[in-house]
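Rule-based calculations on the coordinates, nothing more; no lab input. On a predicted model such as this, the values are computed, not experimentally measured, just so you know. Cβ placement follows ideal geometry from the backbone for every residue including glycine, while neighbour counts extend to all protein chains displayed.
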Amino acid sequence: MFFRVLKKDQIPTFIEGLAVDYEVIAPIAKGLAYVFAPVTCGARVVLDYPTTIVPPTAYFLKPKEALLRYNSADGEVVETVKDDRKRILFGVHPCDLNAILMTDKVFLGDYEDPYYKARRESTLIVGVSCTPRQSCVCHMFGANEVLQGYDLYLTDIGDAYFVQCSSVEGAQLLDTLVETREATAEDTRALQKHVARFRQTLGEAPDTTQIPLLFDARYDEELWEEIGSRCLSCGACSAVCPTCYCFDIVDELDANGVTGSRVRCWDSCLNSQFAEVAGGHDFRPTRASRVRHRFYHKFWAYPARYGKTMCVGCGRCYTACKVGINPSRVVAALQGDVGEGEA
Amino acid sequence: MKKHVRVDASKAYRALEQNPYRPWAARITSITPLTEKETLFEFRIIDHEVREHFNFNAGQFMELSIFGVGEAPISISSAPSKKGFIELCVRNSGTVTGALHEMSCGDVVGLRGPFGRGFPFQDMKGHDVLLVAGGLGIAPLKSLINHIHDERQAFGTVTILLGARNPDEILFRQQFDMWRHREDFNLIMTVDTPDETWDGEVGLVTRLFDQIEVDPANTIGVICGPPVMYRFVIEKMREKNLPVDRIFMSFERRMKCGIGQCNHCAVGHQYACIDGPVFNYWEAMNLQEAM
C-alpha cells in the first residue's frame, strides 16, 4: 500500500485543484444538516460531517433520469447520452463506501446497467474516516471498515490525514495538486489511536448471528403485524437508505403528444402498489407485508444472492423513521420474545 | 433429470450489444379477438438483424412498450419455431394493455426481451407431460403446447387439462376444440358454468384428474393459471405421486426492468424476471410469498 500524510489545511487547495478537471461532489452544510453537492470552493467542504441527508449512491443511481427518448409515431428510440463526465465523490464515509460496493453488485453484475456503469467508471472516490454518532451501527453488519472501492482514503490523525492511495489516478492527483509527505512511524501510531478511538465510540456490535434463519422461521409470526401496524408506509427509510435501489420506469410524453422520454425514478417497496399486477391482485397488500419484505430483502434475499447483509448501519433510517422502525429493532424483535411486543 | 437450467435473458442483447432498456420497434401484423377481454396480437420486429437473432424459450416473457404510456410484461404465446413473429395474448386490464387494445394493424409498439427462465423444454423430452392451465394461464402454456406439437415424437403421452369460468372465456377455443379429437394429445376442457353450446366437462379443472392416468416415474407436470389455482392443482399432482421437483409453474408478477434490479417482481429471495417466471414446486416451497 502507498501511504501519504496530508495536512488538513491543504484540503481546500486539493479540492480546488481537483475541481479544475473534475466535477467535485463533497459534503457541505445545508441548514442544520449536510448534503453531497457539487463544489468549486474548497472552504465550503466539511469533512468532519456527521452524515448526509441523502447518500452518495444517488450520484450513481439518480433519483430521476431519462433512459431513452422515443417517438411514438414510428417507434424510433434514441438512448440518452450517458453521463460520463469526470467526477470525484470527495469525503465518503466507510458505510457509504460499502453501500456503493453493494449497489455495484446489482448494477454491474450479470446484467449491466449502462447508465450506472458510465457514471461509476468515470467517478473517483475519496473516502474519509468518521466519528460515529449515536445512531451509527456500521459494525452490526461489518460495514465499519473498507478494504476497496476508493481511490484515496483519508483517516483523521489530528492536524493531518493519513492517506491510503489505491489507484494510480488518485495517487497522481494527490502528488500533483498538494504537498504531502511519506508516512512515518509516528503517523502510524496516530492512525492506531484513531482506530482505537473509533472502536471505542462504536462500542459493542449487536449480535446478528443467524438473523436470516430467524427471519425465515419467524416469517409468519405476529411480530410483523406489530411492526406493520406502526409503519406509515411513507418510504422515508428507503429514500435515505444508501443500499435501497428499487426503481420504477415510467413514460413521460412531451407537449406535442408524439415524442417523450422513458424515465427511471426511485421507488420504494413500501409503496402500496409496488407489487400489484394488472387486474388489481396485490402480492403485498398490507403495510406489514411490505415492511417485512423490505427487511427480508436486506437480511435474507440480498445475502442469499450476493453473500452480504444489505445494510451498512449508516443510521439514516434511525432518524428518518418517525415511528422508530429500524434494523436494530428488527434484529432485536427477531431475537426476542414475540409475546412482549417489544419490536 | 438434469438441473433446471437458467436461461440467460441478456444473451440476445449481448449479441447485438444492446442496452437492456432499449426496446425494438415492432409492427402489429395481426389482431385476433379471442374473448371479451383477451386479444391475440402478432408482432414483427422491424429491424431485420434483430429479427433474425431473436430467439426464445416457451415460458419467457417480453416487455411490451406503448410509447407514451409505458411498459408491461407479457408472456409469449407463440412457439419458438414460429420464426420472425411474436404472439402475445393480452388481457385488457391496465393502462398499457388498454392502449394496445386501441391500436390497429400496422401500428408500432416497442418490444424488449425475451426475459426470464422458461419451461425446461429440453429436459422434458423423453417424458410424459401433464399440462394444466386455467383462465389466462393458457397464454404462456400455448407456447409450450405448440412447441411440443412441433416436436411431438420427442415426448411420451401428452395430457392437457384446460379450465375456464365459461365457454366464452376459453382462450384459443377453436384450436383446442379440434385438438380434443386428436389421438396424439389427450386434451380435456372444463368450464365452471356451461352454456347451450358446451359439450365438454363441467366443474373445476381439479376434477379432471379422476379421468387421467399418470406414470409418476416418468411425468413432468406444468401448471399455469391464476394464483388461487396452484395449490389445488399441486395437491392433485402430488396425489398422483409426481415428485416436487417435476412440477413446474409460471408466476405472474409485476416485472418492470426484466433484469433483476428494480425489485418489483421479487418473490421471497428471488426474482420472477430472472430466476422465474417458471419455478418448480420445490423451489416455490422454499420461496416466501410464492403461493
Under 8 Å for C-alpha pairs, at least 6 residues apart: give me the relative contact order for chain A, rounded to a whole percent. 21 percent
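Under 12 Å from the Cβ of residue B:262, count the other residues' Cβ atoms, weight Lys and Arg +1, Asp and Glu -1, and hand me the total.
Numbers: positive: A:264, B:253, B:254, B:256; negative: A:113, A:248, A:267, B:63, B:71.
My count for the surroundings of residue B:262 gives -1.
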Ranked list, fewest to most other Cβ atoms within 10 Å of each Cβ, for B:48, A:281, B:264: B:48, A:281, B:264
Once amide hydrogens are built 1.01 Å from N within the peptide plane, the residues lying 5 or more places from residue A:7 or on another chain with amide H under 5 Å from its amide H are A:161
Got a sec to turn the phi values of segment B:229-236 into Karplus ³J(HN,Hα) couplings, 6.51 cos²θ - 1.76 cosθ + 1.60 with θ = phi - 60°, whole Hz, x for Gly and Pro? 6, 3, 4, 6, 5, 4, 4, 5
With θ taken as phi - 60° and the coefficients 6.51, -1.76 and 1.60, list the Karplus ³J(HN,Hα) couplings across segment B:159-170 in order, rounded to whole Hz; mark glycine and proline as x. 10, 10, 10, 10, x, 8, 5, 8, x, 5, 9, 7
Amide H of residue B:24: which non-local residues (sequence gap of 5 or more, or other chain) have their own amide H closer than 5 Å, using H built in the peptide plane? B:111, B:112
Along segment A:213-228, what does the Karplus equation 6.51 cos²θ - 1.76 cosθ + 1.60 (θ = phi - 60°) give for ³J(HN,Hα), rounded to whole Hz, x for Gly and Pro? 5, 4, 4, 5, 5, 9, 4, 9, 7, 5, 4, 6, 5, 5, 5, x
Within the set of other residues whose C-beta is less than 10 Å from the C-beta of residue B:40, count the net charge using Lys and Arg as +1 and Asp and Glu as -1. -2
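Under the definition of partner shielding as Cβ atoms of other protein chains within 10 Å of a residue Cβ, what is the mean value for peptide B:252-259?
Working: counts 5, 3, 9, 1, 7, 6, 2, 7.
Per residue, the average neighbour count from other chains is 5.
Going by how many other Cβ atoms sit within 10 Å of their own, how do B:107, A:207 line up, fewest first? Provide the component values of the computation, followed by the final result.
Working: B:107 16, A:207 10.
Fewest to most other Cβ atoms nearby, the residues stand as A:207, B:107.
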For the residue B:49, residue A:121 Cβ pair and Förster radius 41 Å, calculated FRET efficiency rounded to 0.05 is 0.90
Can you list the residues, at least 5 places off or on another chain, whose amide H is less than 5 Å from the amide H of residue B:155, using H built in the peptide plane? B:126
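In peptide A:76-87, how many Cβ atoms from other protein chains are near each Cβ within 10 Å, on average?
On the way: counts 3, 10, 1, 4, 2, 0, 1, 0, 0, 0, 0, 0.
Partner-chain Cβ atoms within 10 Å, mean over residues of A:76-87: 2.
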Scoring chain B by relative contact order with C-alpha pairs under 8 Å, at least six apart, yields a percentage of 18 percent
Of A:62-71, A:187-196, ordering from highest average Cβ density within 10 Å down gives A:62-71, A:187-196
Where does helix B:138-150 land angle-wise versus the long Cα axis of chain B, in degrees 0 to 90, nearest 10? 80 degrees
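Please compute, for peptide A:283-296, the average count of beta-carbon atoms on other protein chains lying within 10 Å of each residue's beta-carbon.
On the way: counts 12, 2, 0, 0, 0, 0, 1, 0, 0, 2, 5, 1, 0, 5.
Per residue, the average neighbour count from other chains is 2.
Would you mind counting up the charge near residue A:6? Only other residues with Cβ under 9 Å from its Cβ, with Lys and Arg at +1 and Asp and Glu at -1. Write down the numbers at each step before the final one.
On the way: positive: A:4, A:7, A:8, A:181; negative: A:179.
Summing Lys/Arg as +1 and Asp/Glu as -1 gives +3.
Do you know the relative contact order of segment B:11-115, to the nearest whole percent, from alpha carbon pairs under 8 angstrom that are 6+ apart? Write down the numbers at each step before the final one.
Working: 203 pairs, mean separation 37.6, N = 105.
That works out to 36 percent.
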Give me the distance between the Cα centres of segment A:6-58 and segment B:48-100, rounded to whole Å. 47 Å
Spread of Cα-to-Cα distances over 10 Å intervals beginning at zero, given as percent, for segment B:11-115: 15, 54, 28, 3, 0
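Using just the helices of the protein assembly as shown, give the 222 nm mean residue ellipticity in deg cm²/dmol: DSSP H runs with n ≥ 4 each add -39,500 (n - 2.57), and the total is spread over all residues, rounded to 500.
Details: 20 runs with 170 residues, N = 634.
Per the formula, -7500 deg cm²/dmol.
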Can you sort A:251, A:175 from fewest to most other Cβ atoms within 10 Å of each residue's own Cβ? A:175, A:251
